[in-house]
1. Test ASP120 against the criterion of being open to solvent by 50 Å² or more (accessible area, probe 1.4 Å), within 27 Å of TRP142 (Cβ to Cβ), without any contact (Cβ under 8 Å) to a residue 12 or more places away in the chain and not in a helix (DSSP H, G or I), and give yes or no.
2. Please go through (1) over 25 Å from VAL166 (Cα atoms); (2) at pLDDT 95 or above; (3) open to solvent by 10 Å² or more (accessible area, probe 1.4 Å); (4) not hydroxyl-bearing (Ser, Thr, Tyr) for GLU293 and return the number of the only condition it doesn't satisfy.
3. When only residues in segment 62-100 that are open to solvent by 30 Å² or more (accessible area, probe 1.4 Å), in contact with a Ser or Thr (Cβ under 7 Å, 6 or more places away or on another chain) and assigned to a loop (DSSP other than H, G, I, E, B) count, which is nearest to SER265 (Cα to Cα)?
4. For residues in segment 123-145 being open to solvent by 10 Å² or more (accessible area, probe 1.4 Å) and part of a helix (DSSP H, G or I), which is nearest to GLN80 (Cα to Cα)?
5. Within the set of pairs 6+ apart or on separate chains, which have a first residue in segment 80-102 that is of a type outside the set (A, V, I, L, M, F, W, C), a second that is modelled with pLDDT of 95 or more and open to solvent by 30 Å² or more (accessible area, probe 1.4 Å), and C-beta atoms under 6 Å apart?
6. Could you please give the count of residues in segment 35-48 that are farther than 12 Å from TRP98 by Cα, open to solvent by 20 Å² or more (accessible area, probe 1.4 Å) and of a type in the set (A, V, I, L, M)?
7. Here is a list: TRP51, TRP27. Which entry is buried (at least 19 other Cβ atoms within 10 Å of the Cβ) and within 16 Å of ALA288 (Cα to Cα)?
8. Could you run through segment 26-61 and say how many residues are assigned to a loop (DSSP other than H, G, I, E, B) and over 17 Å from ASP281 (Cβ atoms)?
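The values are calculated or read from the model by the stated rules, or taken from the named source; none is laboratory data. Not measured: the values here are computed from a predicted model. As a convention, Cβ positions derive from the backbone with ideal geometry for all residues, glycine included, and neighbour counts pool all protein chains shown. In case anyone asks, the SASA skips ligands and DNA or RNA and just uses the protein heavy atoms, side chains included. Shrake-Rupley method; radii C 1.70, N 1.55, O 1.52, S 1.80 Å.
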Amino acid sequence: MDAATLTYDTLRFGEFEDFPETSEPVWILGKEFNALTEKDDILSDVTSRLWLTYRKNFTPIGGTGPTSDTGWGCMLRCGQMILGQALICRHLGRDWRWVKGQPQKEEYTSILNAFLDKKDSYYSLHQIAQMGVGEGKSIGQWYGPNTVAQVLKKLAVFDSWSRLAVHVAMDNTVVIEEIKRLCMPWLDYGGGACADPQGEMSESGGSLEGACALAEEETALWKPLVLLIPLRLGLSDINEAYIETLKQCFQLPQSLGVIGGKPNSAHYFIGYVGEELIYLDPHTTQPAVETSEDSQVPDDTYHCQHPPCRMHICQIDPSIAVGFFCRTEDDFDDWCMRIRKLSNTRGGLPMFELADCQPPHFACSVDVLNLTPDFFDSDRLERFFDSEDEEFEILSL
């Protein structure tokens, strides 16, 4: 590896700690492991996640723009990773495993192609950077979790193969009616499935879970849901009251993980063990990859083949986005049930609200709300991100 490819995390490749010997359960994207007896399974699961990192020597973005994202693209890469996990769940299943050197399914190759660093790939850095211009971010500017979520939502519209419904829940509120309308656009709610003027639910027993009982042939029309929830869990540091709730999100079978960061870096968090978060780190600059003559993608560099990184959960920046994937309506109803159950248990504050219908205090439509930009407190202007010292930006609403 030449000097130009080194970033601060690359220099520590030889120093990665082995996975800890502990009796505490290890949770990775909804799967529980035993670190004492299933270490190989843990490493296999982590290695099978897509690892999207800084790249160099790709086609200039926009024709005349950057040819590398080193120093500014870490959150964009984290957005690619969380969406990549959604595509794996969508086309290959959560239990799919990558094995180095073994032939892979055609669906896997199609997923990789969607993230190649070229302008005609659905979710390439080029597409994310250029779509971000519409969100007020110039090419080469650092993104926050919410901006990445908004851009991925827009790009998914053009992916007719995956046919995903990407919903970005704003104001810390997930509205069930909005999601069901998004995933089943042919279903006419007409406003009647929610509360009447007296606030009573009609024919749904107090909630919308299961209210849309459909014939088997109709359920096939549910568009697989990618739910992204931008959150702020504190001011300059995470409020410890949210820690247990955050950890419990990794236990849900619908979990896609969390995109966020810590001072000087952004990461894709995929699980936890004890009080440590497990994450994939995009801060390694690798050469851009081209497809071979037989349309195959050299994929070794898209999988992290060393023990996963870990950090104490209190070190995470409070500005994050949590992701979930629901392939079917039943999956979504199950997620709603689990979230309601978590909200009623002691030991932590709920990170967001689950509402059957749009709350009265929502003055705007969801499309307007979803244009809300990332913003940070004024006392955090001096915090820097990435090896290029990109600083947080305050945007007025």
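1. yes
2. (2)
3. Applying the filter and picking the extreme gives THR70.
4. GLN127
5. Pairs that qualify, where the first residue is of a type outside the set (A, V, I, L, M, F, W, C) and the partner is modelled with pLDDT of 95 or more and open to solvent by 30 Å² or more (accessible area, probe 1.4 Å), are HIS91/GLU107; ARG97/SER44.
6. Final tally of qualifying residues: 1.
7. Details: TRP27 fails: within 16 Å of ALA288 (Cα to Cα).
Exactly one of TRP51, TRP27 is buried (at least 19 other Cβ atoms within 10 Å of the Cβ) and within 16 Å of ALA288 (Cα to Cα), namely TRP51.
8. Restricting attention to segment 26-61, the residues satisfying the condition of being assigned to a loop (DSSP other than H, G, I, E, B) are 29-30, 35-38, 49-54, 57-60.
Filter once more, keeping what is over 17 Å from ASP281 (Cβ atoms): 30, 35-38, 57-60.
Qualifying residue count for the region: 9.
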